[in-house]
Every structure is written in structure tokens, then in C-alpha cells.
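Every read-out reported here was derived from the displayed coordinates using simple, explicitly stated rules and does not represent laboratory data. Keep in mind it's a predicted model, so treat the numbers as computed, not measured. Please note: Cβ atoms are built from the backbone with ideal geometry, for glycine as well, and neighbour counts cover all protein chains shown.
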Amino acid sequence: MSNVAATLKEFGNAMKIDGVDFNDNGVAHFKIENLGELYVEKRNESGAIVYLMREYSFLDQNHYKKALELCHPHERNPMPVNAALRGDRQLYFGLRISEEDFLLPTLEESVAQLNKLHERLQ
């Protein structure tokens, strides 16, 4: 079992969810109340991409600009982060974690960072 898969199981256990694993496409998906939809996407031997999606009732150019600004290096985020938009209401913040760094504390810190970015967007 890879480090990514083992950490994902540990993350699931910490949330009291048994049997957490990647689907056939290498993606694990969690709907977490008051947080949004969390995805962990396995990237072969290079680690994983972690992204948090929230659906907003309204987004406009100001929100898009702010999302990109929150990803800029001058924000000094603990890990480099990206933003993406799906449709006109679903906004994603995501980041990459290397295989060797994909440990439970790093995953938890990543989720907290992504959550904080969504909170700052509002």
C-alpha cells in the first residue's frame, strides 16, 4: 500500500469513516458538512492533489479576482495553491502534496488551508 493510500485510510478513520479508498479513477471524495466537497486525487508515484469545492449561490468577477489573489505567492500560503471554477457556482481551491510528505498532519493542514481560503473569499 502506498503512503498516499495509507494516509487516506488514516484520514478516514480519524473522521470515523471505515474503508476509505480511492475509486477506479484514483479519486477519493468526501462531502463534509460546513466544509464542502473534499477530493483527494492520487497521482501515481508523485503524491496527490487535494482540492476543496464549495458551491456558491453567487460568484462574480470580484470573487474570481479575489480567488486568484488568494493563490498568489505574496499571500505566503503554507503550500502553493491554485483556484479553479466549474460552471458559474462551483469554486475549487487545490494543492499538491508529494508522496513523501503525504502524512496525516500534512493532509489535515492542507484541508485547513483550503477551508481558510474559501472563508476568506466570502
Residue in region 33-44 that is crowded, with 17+ Cβ neighbours inside 10 Å, touching a residue at least 24 places away in the same chain (Cβ under 8 Å) and on the phi > 0 side of the Ramachandran plot present:
yes
Can you find even one residue in region 24-34 that is in contact with a strand residue (DSSP E or B) (Cβ under 8 Å, 6 or more places away or on another chain) and part of a helix (DSSP H, G or I)?
no
Would you confirm whether any residue within region 54-74 is touching a residue at least 40 places away in the same chain (Cβ under 8 Å), among the acidic types (Asp, Glu) and farther than 15 Å from GLU119 by Cα?
no
Tell me whether region 102-111 contains one or more residues that are free of Cβ contacts under 8 Å to residues at least 24 places away in the same chain and in contact with a Gly (Cβ under 6 Å, 6 or more places away or on another chain).
no
Subset of region 22-31 (residues that are surrounded by 10 or more Cβ atoms within 10 Å (Cβ to Cβ) and in contact with a Leu (Cβ under 9 Å, 6 or more places away or on another chain))
PHE22, ALA28, HIS29, PHE30
